[in-house]
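Encoded as structure tokens, the structure appears first; notes follow it.
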Amino acid sequence: MPAVRPRSRLLLPVVVASALALAACGNAPTKSSSGGTSGANAGAASATSAAALGGIDGLVTAAKKEGALNVIALPPDWTNYDEVISTFSKKYGVKVNSAQPDGSSQDEINAAKQLKGTDRAPDVFDLGPAVATANADLFAPYQTQVFGDVAADLKDPQGRYVSDYGGLMSIGYDPKAVPAPTSVQDLLKPAYKGKVALNGDPTQAGAAFAGVVMAALGNGGSADDVAPGVAFFTKLKKAGNFLPVDPTPATISSGQTPVVIDWDYSNAAQTEALAGKRDWKVVVPAGAVVSSYYVQAISKDAPHPAAARLWEEFLYSDEGQNLWLKGFGRPVRAEAMVKKGTIDQAAFAKLPASGGTQVSLTQAQSDKAKAYLAANWAKAIS
């Protein structure tokens, strides 16, 4: 089941242009024997599609010859990445080297720069959209066989970065501790006194940022105006309902945080993890639906360029998308897969229901919201 991803990773309001930042990567680079890209296949490194290598079969052959793939910042219990990685490795006979599983998006970029020219450099990235758009010059253009299934506003037209899986902001709750909320405003009721936790600080954490956006939408605000969301949390604190504890699987399991505002894939994972131990339900408030996607990218300096491209083909295939879905990530190709009848219906049915239009902030809206939060959040909950 997916864990709560490091909040540094999550500061990414909600479409293919948003915001995030954090720290540096640790170990010093070790040069490969060639002093450059180890085992690089010049043809694969410049391939913008599998067709350039003779189709998928040619790509598989080239990837097997390289024999390895370097990934970074992929927690094994995050949207089922453990099974994603093991399935890819077994399917193609490519060893997957996973570095810094709890790293941030910025850690990935730092590693690519620090390890450039070594066989330890990342081949591929799983990033917040803001980090991706800010570093597009580091990525190789590549279009998978199903590139056309991804909406134009969720990808770079050259394929340098493409949305992959995402989620909706939600309210997770223990039905034995509180009544079922149906709206954001329900959380102001006396029954929720001392019980409502937000996943992090919205000036630093994407989950919390999106939680404020959700609160804004549920209180007359919009993607252009998050002030009502901040005002809501002021009311929540004054009512004694705001619980200043960062929620984790442990706090949910113990009952310390009976109501958690977080991404639906994290909340839904707790429903499954706690089955038979504690009830945990998830609701996406109607009229306050905030969406977010991560994005994939290939390093233009990938030491294993064929394996990197094969990884992308796998992730965007029906098999790869369904593996993320199994971990409660919402596949970017879900609509196309539903139409083709290739989506995992059982896993799809487990996703929390949502109603109403999904809201995704543009870069300008995100920047405006962040500026408002930087100026007002601390005093709003003081």
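Laboratory data are not the source of any read-out in this text; all were calculated from the coordinates shown. Since this is a predicted model, take the numbers as computed values, not measurements. Neighbour counts run over all protein chains shown; Cβ positions are idealised from the backbone, glycine included.
For Ser254, what charge total do you get from the other residues with a beta carbon under 15 Å from its beta carbon, if Lys and Arg give +1 and Asp and Glu give -1? Write down the numbers at each step before the final one.
Working: positive: Lys176, Lys195, Lys277, Arg278; negative: Asp174, Asp246, Asp279.
Charge balance near Ser254 sits at +1.
Give me the angle, in degrees from 0 to 90, between the Cα long axis of helix 56-66 and the longest principal axis of the Cα atoms of the chain, rounded to the nearest 10.
Helix 56-66 and the main axis of the chain meet at about 80 degrees.
How much length, in nm to one decimal, is gained on full extension between Ser46 and Lys238, taken as 0.36 nm per residue of separation minus their Cα-Cα distance? If you can, show how the numbers build up before the last one.
On the way: separation 192, 0.36 × 192 = 69.12 nm, distance 5.81 nm.
Extra length from Ser46 to Lys238 when fully extended: 63.3 nm.
Would you please name the trypsin sites (Lys or Arg not before Pro) within the stretch 220-309 that are DSSP coil residues with at most 14 other C-beta atoms within 10 Å of their C-beta?
Details: sites: Lys235, Lys237, Lys238, Lys277, Arg278, Lys281, Lys300, Arg309; in loops: Lys277, Arg278, Lys300.
In loop regions of the stretch 220-309 (DSSP not H, G, I, E or B), the sparsely surrounded trypsin sites (Lys or Arg not before Pro) are Lys277.
With unit charges on the beta carbons (Lys and Arg positive, Asp and Glu negative) and the dipole taken about the Cα centre of the stretch 193-309, which residue among Ala239, Ala286, Ala197 sits farthest to the positive side?
Result: Ala239, furthest along the dipole toward the positive end.
Considering only Cα-Cα distances, which of the following residue pairs are longer than 19 Å: Lys189/Lys350; Lys193/Lys235; Lys176/Lys281; Lys189/Lys238; Lys195/Lys350?
Working: Lys189/Lys350 28 Å; Lys193/Lys235 12 Å; Lys176/Lys281 10 Å; Lys189/Lys238 12 Å; Lys195/Lys350 25 Å.
From the list (Lys189/Lys350; Lys193/Lys235; Lys176/Lys281; Lys189/Lys238; Lys195/Lys350), the Cα-Cα distance tops 19 Å for Lys189/Lys350; Lys195/Lys350.
Could you rank the peptides 202-214, 174-186 by their average count of other C-beta atoms within 10 Å per residue, with the highest value first?
202-214, 174-186
If every alpha-carbon in the chain counts as one equal scatterer, what log10 I(q)/I(0) does Debye give at q = 0.06, 0.07 1/Å?
-0.23, -0.31
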